[in-house]
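S.K.: Below is one structure. I have some questions about it.
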Amino acid sequence: MQNNTFSTLFVGQNLIKLLAVDSTNTFLKNLVSKSEPLPEGTVIMADHQFAGRGQQENTWQAEPGKNLTVSILLKPKFLPLNKQFLLNIAISIAINKALSKYVPVGITIKWPNDIYYLNKKLGGILIENSIVGNAIKTAVIGIGLNINQQDFSNELASKATSLHQILQEDVNLAELLSEICSQIESLYLQLKTGAHAFLTEAYVHKLYKINIPSMYRHNGEIFEGIILGITDLGLLNVMRDEKVTQFNFKEIEFLNP
């Protein structure tokens, strides 16, 4: 356990820093599986994550020492299984709010949990829940954010960006992590009080392409649709051919403008 100066009650108070790890999520899940209980709010931070994962086992690549690759342990036993998307909502809003202190305009949430600046990806979230009975025993929150990376591969250059590219200057990683932990704790505690409607409204307000006619692909077919919001289960509501269609995760592809 490493003490730090985070102005939080519990998120980030137990901060474990690693030089290199395959995946912070995997490392944290292994710690959780051991007999000694870890305090809620434990944060794993790695300078170099060489096998990071995104949604659906996609890989997450980050230049060593330049970006934020962290995992956070939460224990949302209060959250019913049919409301588990609300945890994703709270985390997404928290990261959006933290980044917006550096970039006040242009930060959005691409459904379900990518962080965007304009039309480029700034980061992503991977939440892995451990379910016991009808409750979430633990949630491992993986967060990858492009912060001080200046260059991306040819494949990613048109799709990804970083705070350094936006601001043209480096950002202190420890200060940003402190802000993220503070925002996550605040939104998590609001979630615990049952502020579901407020959180959902804030999430929908920040959705990438909300209420904007845009092009999408579903089952190989390209169509124009308008994102209207989400269902209680987190499915995406899209107006298509004058009727509302719901899409599950990975069922709809956003086509870049």
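S.K.: Could you list, in sequence order, all residues of the range 178-201 that are more than 18 Å from I127 (Cβ to Cβ) and among the aliphatic types (A, V, I, L, M)?
M.R.: Matches in the range 178-201: A195, A197.
S.K.: Please list, ordered by residue number, the helices (runs of 4 or more DSSP H) wholly in the range 99-211 having 2 or more residues that are farther than 21 Å from N82 by Cβ.
M.R.: 154-157, 163-167, 173-192
S.K.: In this structure, does L31 turn out to be over 16 Å from the mean Cα position of the chain (by Cα), modelled with pLDDT of 90 or more and outside any helix (DSSP H, G or I)?
M.R.: So L31 fails the test.
S.K.: Now, a different point. Counting just the residues of the range 165-186 that are more than 14 Å from G12 (Cβ to Cβ) and touching a residue at least 40 places away in the same chain (Cβ under 8 Å), which one comes out least open to solvent (accessible area, probe 1.4 Å)?
M.R.: In this case the residue turns out to be V171.
A quick yes/no check of all residues on (1) acidic (D, E); (2) in contact with a helix residue (DSSP H, G or I) (Cβ under 7 Å, 6 or more places away or on another chain):
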| residue | (1), (2) |
| --- | --- |
| G142 | no, yes |
| D151 | yes, no |
| I166 | no, no |
| I180 | no, yes |
| E185 | yes, no |
| Q190 | no, yes |
| V204 | no, no |
| G234 | no, yes |
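S.K.: Looking only at the range 214-239, how many residues end up being over 27 Å from H196 (Cα atoms) and either open to solvent by 80 Å² or more (accessible area, probe 1.4 Å) or part of a strand (DSSP E or B) (or both)?
M.R.: Final tally of qualifying residues: 10.
A quick yes/no check of all residues on (1) open to solvent by 50 Å² or more (accessible area, probe 1.4 Å); (2) of a type in the set (F, W, Y); (3) at pLDDT 95 or above; (4) touching a strand residue (DSSP E or B) at 6+ places or on another chain (Cβ under 8 Å):
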{"site": "S35", "(1), (2), (3), (4)": "yes, no, no, no"}
{"site": "L38", "(1), (2), (3), (4)": "no, no, no, yes"}
{"site": "H48", "(1), (2), (3), (4)": "yes, no, no, yes"}
{"site": "Q61", "(1), (2), (3), (4)": "yes, no, no, yes"}
{"site": "P64", "(1), (2), (3), (4)": "yes, no, no, yes"}
{"site": "S71", "(1), (2), (3), (4)": "no, no, yes, yes"}
{"site": "L74", "(1), (2), (3), (4)": "no, no, yes, yes"}
{"site": "N82", "(1), (2), (3), (4)": "yes, no, no, no"}
{"site": "N88", "(1), (2), (3), (4)": "no, no, yes, yes"}
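S.K.: Let me ask something additional. Being more than 19 Å from C181 (Cβ to Cβ) and either among the β-branched types (V, I, T) or in contact with a Gly (Cβ under 7 Å, 6 or more places away or on another chain) (or both) is the filter here; which residues of the range 76-102 pass it?
M.R.: F85 - this is the single residue of the range 76-102 that is more than 19 Å from C181 (Cβ to Cβ) and either among the β-branched types (V, I, T) or in contact with a Gly (Cβ under 7 Å, 6 or more places away or on another chain) (or both).
The values are calculated or read from the model by the stated rules, or taken from the named source; none is laboratory data. Quick caveat, the model's predicted, so the values are computed rather than measured. In this analysis, Cβ positions are derived from the backbone assuming ideal geometry, glycine residues included, and neighbour counts consider all displayed protein chains. Accessible surface areas use protein heavy atoms only, side chains included; no ligands, DNA or RNA. Shrake-Rupley method; radii C 1.70, N 1.55, O 1.52, S 1.80 Å.
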